[in-house]
Amino acid sequence: MSSNCKETLRELKLKTAICSQVVSVSVLHHHHSLVRYSVLSVNMSRGFDSYFGPPSQPINVADFLREANSALLPGSLTNSSWEQLTPEHRNAVEAEITGSISELKSSLEQVWDNPVLSAHVLRQHESTVASVRGQVDAPAPKGRKRKRLVPPEGSESAPEASQLQEKLDAVNLRCWGLTVESALCMRAAKNSDYNALDAPKKTGTGVLRTLDLGDVGATRSSTPDSLMSPSPDATSYPNAVISLTVYNRITYLPSCLTRSSQHAVLSTQTLDDLLHVLPCASSNMPMEELDAEGDLSGYNLTNQTEERAGCLFCIEDLVYGDGREIPTMQSIKLIAHFHKFPEEKQPQIKKASTSASETTFDALTLRTHQPYWILHQGNCEHFFVIDQIRHVLAHPLDPPSGYPLTLHLTPTVQDLCRACGKVPAVHSIVGDMRLGESPCLLCAPCWRTVGPPKNDEGVMVVPLVIPFVNQ
């Protein structure tokens, strides 16, 4: 081979190597860009879910009730301009308001009760969402292809759907249109978005007080006797309903929170009443059974932990403890622990004058959308956020009793049985050589089928803790 041919071949190999490196770098850069975009999208979605605020101004619940009750007394809802209207004008205004609301309600019901119209509205919404996502070029998950919405043939030709779309297009309201930026707030449904309850669950003995109730003792059954006001005029007023949401840390991502449950409590109930109804695995731990030598021999699911190992509420820089004797009081321990921090990093918190079992919600100053801290059962912590503080007359359909109410409960994600792979496991078998792994998670039918070993020495059956199921 001539020298010119060798040089030409050497140049081709060099160019090929350079091109392959450039392509590899480009692909790698593109891959890193997609990874960064995906991580950014995931972190941003979790950040949105863990973001609270902006908080409201401090709201003294007692002052709110006093002002609301005085404004709702008979004869207080009067207005000079309204009083100057003639009875005919008043009737005309009331008829217009009532007619407008009824018209809106009937039009919505007509659309959703019609399968063709409701399907058309849902299809249009899904098409708009897909268009917004397509504009931002969001990468599809690995191994998946983004689904393209193709409307079925003849769906748009229905006369009813065409007429409805013309009415929607004629609406001049344009402020709720989905823009490209709205793709940052779009995500698939998560487990915390679902509700395991089909109706509010009554978890307490609190009774709602309205203007019709006169028996003070019966309507304040959830409040300790020492906290009841001696003035019958003060207790005869209706109380407030406080809606709050409880959040837990994500186990594998402790810097982010996820919603656990949502509750409604009365202003006359205590912080301890709220703690009793929190769905928490630490409150359902089975009791340990010890042998004669003091070693752990098993667990008893029927006798669960009843006495809580201390609790703390941190609300507006005040710490409400469990009321135990010093120095075992948890609030004293917490403040002493914070004093070990450098002075510039010490939280400015103080011990409250009352304990959690003595503090009612109407004695607190709260802010909506501001997270507050709960610590109980050793190191188990929760966060709760006040969603709403409203007068009882604001919603006449509130349940009359059973407070605190559980409004939302996130479904518990349970591990499946290792044997059948279809039913959630309820037992953790430790030390059984027949199962091939220890611990081995099994459901009740599979464990009954396997049965205990002949030589059960060293084999332990640990019941799995399922929050809020065994209560």
Some residue of the stretch 437-449 being loosely packed, with under 15 Cβ neighbours inside 10 Å, in a strand (DSSP E or B) and free of Cβ contacts under 8 Å to residues at least 60 places away in the same chain: no
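Conditions (1) among the hydrophobic types (A, V, I, L, M, F, W, C); (2) surrounded by 20 or more Cβ atoms within 10 Å (Cβ to Cβ); (3) at pLDDT below 75; (4) within 19 Å of the chain's Cα centre (by Cα), marked per residue:
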position	(1), (2), (3), (4)
Leu253	yes, no, no, yes
Ser261	no, yes, no, yes
Leu266	yes, yes, no, no
Pro279	no, yes, no, yes
Leu290	yes, no, no, no
Every residue from the stretch 47-68 that is of a type in the set (Ser, Thr, Tyr) and either without any contact (Cβ under 8 Å) to a residue 60 or more places away in the chain or closer than 16 Å to Val392 by Cβ (or both): Tyr51
Single residue of Val426, Val392 found to be at pLDDT below 85 and hydrophobic (A, V, I, L, M, F, W, C): Val392
The stretch 427-436: number of residues that are assigned to a helix (DSSP H, G or I) and out of contact with any strand residue (DSSP E or B) (no Cβ under 7 Å at 6 or more places or on another chain): 2
The listed residue being hydrophobic (A, V, I, L, M, F, W, C), surrounded by 16 or more Cβ atoms within 10 Å (Cβ to Cβ) and either more than 16 Å from the chain's Cα centre (by Cα) or modelled with pLDDT under 90 (or both), out of Leu296, Leu301: Leu301
Residues of the stretch 357-375 classified as within 19 Å of Gln262 (Cβ to Cβ), in contact with a His (Cβ under 9 Å, 6 or more places away or on another chain) and surrounded by 17 or more Cβ atoms within 10 Å (Cβ to Cβ), total: 1
Given (1) part of a strand (DSSP E or B); (2) over 22 Å from the mean Cα position of the chain (by Cα), number of the condition Tyr403 does not satisfy: (2)
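The values are calculated or read from the model by the stated rules, or taken from the named source; none is laboratory data. Just so it is clear, the model here is predicted, and its values are computed rather than measured. Please note: Cβ atoms are built from the backbone with ideal geometry, for glycine as well, and neighbour counts cover all protein chains shown.
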